[in-house]
Amino acid sequence: MTKKMKRSFLKNLFINIEKEETWLNNMCDKGYALHDISDGYYIFERCKPGTYIYRIEFLQQEIFQKEKEFYLELMKDLKVESIASIKRWHYFRRESSLGEFEIYSDTDSQIEHYKRVNFIWYILALIFILPGLFQNILSGNISQFDFTLNIILIIIGFFFLTMAFPLTRKINHLKRKKTLYK
């Protein structure tokens, strides 16, 4: 039996890796294993509760197809199944009976992963905030509609910042942790 759940447009833009991983693992604990993500839907299949552990990875942009294929083959050798991918986001699972499953087991790789994700959030924030601010500040005579539109752009930009700030704190925490254990 399969179960489909709508994946919202906002989820595609504002993914929070930890929350989504937790949600996928909780769904599996309830007996629903993610099978695919297709046409805007999560597709789950019934399973024995807790069968899999799910992880999400944001691959580097510079990674070439050949390197990506090698990486996915390496994951397969580690008994990790690639479930779905949406642009650079990749969804993996491994049977929980094989033990813990962490993609980023060392601090340096965790920091690099979070930096890749955080870079996107800060760029998107700037793309929305700067035009909104400059248009409102530099143009002394703008219409009410343009003013309102610019305020909306600024609010969207600040939403991206709310995604970036917690990751920045997490990166700084990991850096401090790394220096403590050297």
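Between a residue in segment 119-131 that is over 7 Å from residue 157 (Cα atoms) and open to solvent by less than 70 Å² (accessible area, probe 1.4 Å) and any residue that is of a type in the set (Gly, Ala, Ser) and in a helix (DSSP H, G or I), which pairs come within a Cβ distance under 6 Å, given they are 6 or more apart or on different chains?
121/164
Can you name the residue in segment 150-171 that is surrounded by fewer than 16 Cβ atoms within 10 Å (Cβ to Cβ), more than 11 Å from residue 114 (Cα to Cα) and not β-branched (Val, Ile, Thr) and is also farthest from the chain's Cα centre (by Cα) among such residues?
This residue is 158.
Have a look at 69, 21, 57 and point out the one that is open to solvent by 90 Å² or more (accessible area, probe 1.4 Å) and either modelled with pLDDT of 80 or more or of a type outside the set (Val, Ile, Thr) (or both). I'd like the intermediate steps shown before the answer.
Details: 21 fails: open to solvent by 90 Å² or more (accessible area, probe 1.4 Å); 57 fails: open to solvent by 90 Å² or more (accessible area, probe 1.4 Å).
Exactly one of 69, 21, 57 is open to solvent by 90 Å² or more (accessible area, probe 1.4 Å) and either modelled with pLDDT of 80 or more or of a type outside the set (Val, Ile, Thr) (or both), namely 69.
Looking at 46, 94, 7 in this structure, which one is modelled with pLDDT under 80 and either in contact with an Asp or Glu (Cβ under 6 Å, 6 or more places away or on another chain) or among the charged types (D, E, K, R) (or both)?
Answer to the selection: 7.
The values are calculated or read from the model by the stated rules, or taken from the named source; none is laboratory data. The model shown is predicted, which means the values in this text are computed figures rather than measured ones. Every residue, glycine as well, gets a Cβ built from its backbone with ideal geometry; the counts of neighbours run over all protein chains shown. Surface accessibility is based on the protein's heavy atoms, side chains included, excluding ligands, DNA and RNA. Shrake-Rupley method; radii C 1.70, N 1.55, O 1.52, S 1.80 Å.
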